[in-house]
Amino acid sequence: IHSGLQRQVTFRSKYFSPDINAAGNELLAVNVNTNGTNNLHRLDASTGKLIGQVPNPRNYFFTQTKYINGNTAVSAARNPQGNMVLITVDLTTGATYNLTPFSFNVIGYPFVKGDTVYFNASNQNADKIFAVSLKDKRIYRLTNNINGVYYPAVNGKNELLFSAFSAGGYRLAKLDLHTVDWKEFP
């Protein structure tokens, strides 16, 4: 960021939704194969060399994937029947654990902050922001908007930042998480 330089680390690849680990030495990206299947690839951040391919025995289609720590990631995923779920993925074994129930509602844009994953999902005719605790898997609805809100992030001031759709385009919005009604979602 400081130098303004950028470097391409892969060539002729089909990688999407990359994330970089906290150490800055590894990338996690969705690899989409020509046959329509996909899996997660761990890449060396300096060279782009494949470190490992995460097994995908359930044939999930991964979308946005983010590191939780060096061994685990969170991802929105779709199963072959078209249902979506927010899951954690063991980056060594490929084992997955559901954070949300499967549904036909669109789920996406996870953001990890501490032991909480913020994400947006369709609910009552609008995309809203939710949070799920990694400790007890309890799900909370944080917004109850009538227009879509996307891309949740939490800053060091404990403010929830997100993009809100308006008639004039997207607008940056923020809520203080101390004052948000953490409504538990069934």
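The values are calculated or read from the model by the stated rules, or taken from the named source; none is laboratory data. None of the values given here were measured: they were computed from a predicted structure. So basically every Cβ, Gly included, is an ideal-geometry build from the backbone, and we count neighbours across all protein chains shown. Please note that ligands, DNA and RNA were not included when accessible areas were found on the heavy atoms of the full protein model with its side chains. Shrake-Rupley method; radii C 1.70, N 1.55, O 1.52, S 1.80 Å.
Scanning segment 30-45 finds one or more residues that are surrounded by 16 or more Cβ atoms within 10 Å (Cβ to Cβ), touching a His at 6+ places or on another chain (Cβ under 8 Å) and of a type outside the set (A, V, I, L, M, F, W, C).
For segment 1-114, list the strands (runs of 3 or more DSSP E) that sit wholly inside it and hold at least 1 residues that are small (Gly, Ala, Ser) and over 28 Å from Phe130 (Cα atoms); which are they?
Strands (runs of 3 or more DSSP E) meeting the threshold: 50-54.
Residues of segment 138-149 that are at pLDDT 95 or above and surrounded by fewer than 19 Cβ atoms within 10 Å (Cβ to Cβ): Arg138, Tyr140. In the set (1) of a type outside the set (D, E, K, R); (2) without any contact (Cβ under 8 Å) to a residue 60 or more places away in the chain; (3) under 19 Å from Lys113 (Cα atoms), the condition left unmet by Thr10 is number (3). Consider segment 68-81 and keep the residues that are of a type in the set (Gly, Ala, Ser) and modelled with pLDDT of 95 or more. The one that is surrounded by the fewest Cβ atoms within 10 Å (Cβ to Cβ) is Ala73.
Picking from residues in segment 150-172 that are modelled with pLDDT under 95 and open to solvent by less than 30 Å² (accessible area, probe 1.4 Å), the one that is farthest from Lys66 (Cα to Cα) is Gly169. Of all residues in segment 82-98, those that are modelled with pLDDT of 95 or more and either open to solvent by 40 Å² or more (accessible area, probe 1.4 Å) or touching a helix residue (DSSP H, G or I) at 6+ places or on another chain (Cβ under 6 Å) (or both) total 3. One residue is enough: does segment 141-156 have a residue meeting the conditions more than 16 Å from the chain's Cα centre (by Cα) and at positive phi? Among the residues of segment 141-156, not one is more than 16 Å from the chain's Cα centre (by Cα) and at positive phi, which makes the answer no. Can you work out which of the residues in segment 1-29 that are more than 23 Å from Phe61 (Cα to Cα) and in contact with a strand residue (DSSP E or B) (Cβ under 8 Å, 6 or more places away or on another chain) is least open to solvent (accessible area, probe 1.4 Å)? Out of the qualifying residues, it is Val9.
Give me the residue from segment 173-186 that is assigned to a strand (DSSP E or B) and among the charged types (D, E, K, R) and, out of that set, least open to solvent (accessible area, probe 1.4 Å). If we take residues in segment 173-186 being assigned to a strand (DSSP E or B) and among the charged types (D, E, K, R), then Asp176 is least open to solvent (accessible area, probe 1.4 Å). The residues of segment 108-127 that are open to solvent by 10 Å² or more (accessible area, probe 1.4 Å) and among the β-branched types (Val, Ile, Thr), listed by number, are Val112, Thr116.
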